[in-house]
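**Q** Structure provided below as structure tokens; questions to follow.
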Amino acid sequence: MKKSLLVLALLFSLASFSQSPVDKSFPPEELFALGSYYYPEQWDSSQWERDLKKMSEMGIKFTHFAEFAWAMMEPEEGKYDFEWLDRAVSLAEKYGLKVIMCTPTPTPPAWLSKKYPDILIQRDNGVSIQHGRRQHASWSSDRYRRYVENIVSRLAMRYGNHPAVIGWQIDNEPGHYGVVDYSENAQIKFRVWLQKKYGTIDELNDTWGTSFWSETYQDFDQVRLPSQQEVPDKPNPHAMLDLNRFMADELAGFVNMQADILRQHINKDQWITTNLIPVFNPVDPV
């Protein structure tokens with residue numbers, strides 16, 4: 001009898017030990033828990049408690065905060081304000097709402113776009129996407145990634161052990177709304193990506209079939225992102241395929257970079273995810 005109880009206790013312990021952070025956040029009885037986005041930065045603060053209380057009363061179990069609020073968190077370079085977000089998280093906790101904290105990287109603040117226009121994506125016609133709306137910063141920009149690393153680290157250190165925060169969402173529907181980035185950042189990274197993939201320019205020439213119409217390259221610096229705006233006929237189809245693969249890798253690298261930053265600071269019980277938009281995306285979200 002004692003042995004049977006010991007075995008049962010051991011099995012229960014192992015099951016608890018192997019339970020994932022997501023399982024802990026959403027146990028079987030809450031597998032289809034209802035959640036809702038909420039944007040405290042977009043509403044007068046006097047309405048927050050009313051709204052979050054109503055959400056709880058309606059049966060909503062969790063909410064998302066902050067994915068579009070970088071300008072509120074860092075209104076000026078190097079000056080931070082998280083007190084408003086602290087209050088919103090506290091109110092959510094007060095009314096039993098779990099919080100998914102989001103990184104604000106789809107919406108860099110205006111001061112960043114203005115001070116460093118080289119972080120902006122560029123259309124195939126050479127027009128830089130200006131500040132406004134969202135998804136206008138280049139995944140290939142090292143400068144932008146440094147600013148992302150900073151704000152994500154600060155968020156993670158502040159809320160990485162908050163009891164109301166159950167998980168993290170990276171960015172929001174990253175995809176540049178289907179605009180392929182032709183900025184100089186992307187041009188440079190594309191050549192690096194090609195060199196890593198093919199090793200030699202001869203291998204690229206052979207794979208791309210560049211002997212056709214005298215497209216043969218002597219070195220990787222001669223290669224540009226294929227663009228219909230730059231050629232009178234359709235671009236090389238092999239180059240277009242590699243463009244799509246490159247963009248997929250750039251997005252994956254951007255998301256994984258943030259995941260690595262989060263894992264350095266957050267509690268092991270907090271999970272990490274993202275959400276890809278199924279349309280208007282320059283990469284295959286599958």
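**Q** Taking only pairs six or more apart or across chains, which ones have beta-carbon atoms under 6 Å, a first residue in region 72-99 that is within 23 Å of T273 (Cα to Cα) and modelled with pLDDT under 95, and a second residue that is of a type in the set (A, V, I, L, M) and loosely packed, with under 15 Cβ neighbours inside 10 Å?
**A** none
**Q** To continue, here is another question. Among the residues in region 239-249, are any over 21 Å from R123 (Cβ atoms) and within 33 Å of the chain's Cα centre (by Cα)?
**A** Taking region 239-249 and keeping what is over 21 Å from R123 (Cβ atoms), we get none.
No, that holds for no residue.
**Q** Which pairs do you get when a residue that is without any contact (Cβ under 8 Å) to a residue 60 or more places away in the chain, found in region 117-129, comes within reach of a residue that is β-branched (V, I, T) and assigned to a loop (DSSP other than H, G, I, E, B), reach meaning Cβ atoms under 9 angstrom, with the pair 6+ apart or on two chains?
**A** From residues that are without any contact (Cβ under 8 Å) to a residue 60 or more places away in the chain, the pairs are R123/I129; R123/V179; R123/V180; S128/I121; I129/I121; I129/V179.
**Q** Counting only residues that are under 30 Å from I266 (Cα atoms), of a type outside the set (V, I, T) and crowded, with 21+ Cβ neighbours inside 10 Å, how many does region 170-198 have?
**A** Of the residues in that region, 5 qualify.
**Q** Given the criterion more than 31 Å from the chain's Cα centre (by Cα) and among the aromatic types (F, W, Y), identify the matching residue among F212, F220, F254.
**A** Working: F220 fails: more than 31 Å from the chain's Cα centre (by Cα); F254 fails: more than 31 Å from the chain's Cα centre (by Cα).
Matching residue, one of F212, F220, F254: F212.
**Q** Name the one entry in K115, K189 that is within 22 Å of the chain's Cα centre (by Cα) and either over 27 Å from I261 (Cβ atoms) or basic (K, R) (or both).
**A** Answer to the selection: K189.
**Q** I need a count of the residues in region 39-88 that are among the polar types (S, T, N, Q) and surrounded by 12 or more Cβ atoms within 10 Å (Cβ to Cβ).
**A** 3
**Q** Which of the residues belonging to region 151-200 are part of a helix (DSSP H, G or I), at positive phi and not hydroxyl-bearing (S, T, Y)?
**A** Answer for region 151-200, where residues must be part of a helix (DSSP H, G or I), at positive phi and not hydroxyl-bearing (S, T, Y): H176, G178.
**Q** Is it the case that Q264 is part of a helix (DSSP H, G or I) and either of a type in the set (D, E, K, R) or closer than 30 Å to C102 by Cα (or both)?
**A** The answer is yes for Q264.
**Q** Step by step: first the residues of region 120-157, then only those that are of a type in the set (S, T, N, Q), over 17 Å from W70 (Cα atoms) and modelled with pLDDT of 95 or more, then the one that is surrounded by the most Cβ atoms within 10 Å (Cβ to Cβ). Which residue is that?
**A** Let us first name the residues in region 120-157 that are of a type in the set (S, T, N, Q), namely 122, 125, 128, 130, 135, 138, 140-141, 150, 153.
Going one step further and asking which of them are over 17 Å from W70 (Cα atoms), we end up with 122, 125, 128, 140-141.
From what's left, modelled with pLDDT of 95 or more: 140-141.
Numbers: S140: 25, S141: 23.
Residue satisfying both the conditions and the ranking: S140.
**Q** Take the residues in region 201-246 that are β-branched (V, I, T) and in a loop (DSSP other than H, G, I, E, B); name whichever of them is modelled with the lowest pLDDT.
**A** By that ranking, first place goes to V231.
The values are calculated or read from the model by the stated rules, or taken from the named source; none is laboratory data. What you see is a predicted model; the values in this text were computed from it and never measured. Ideal geometry is used to build each Cβ from the backbone, glycine not excepted, and the neighbour counts take in all protein chains shown.
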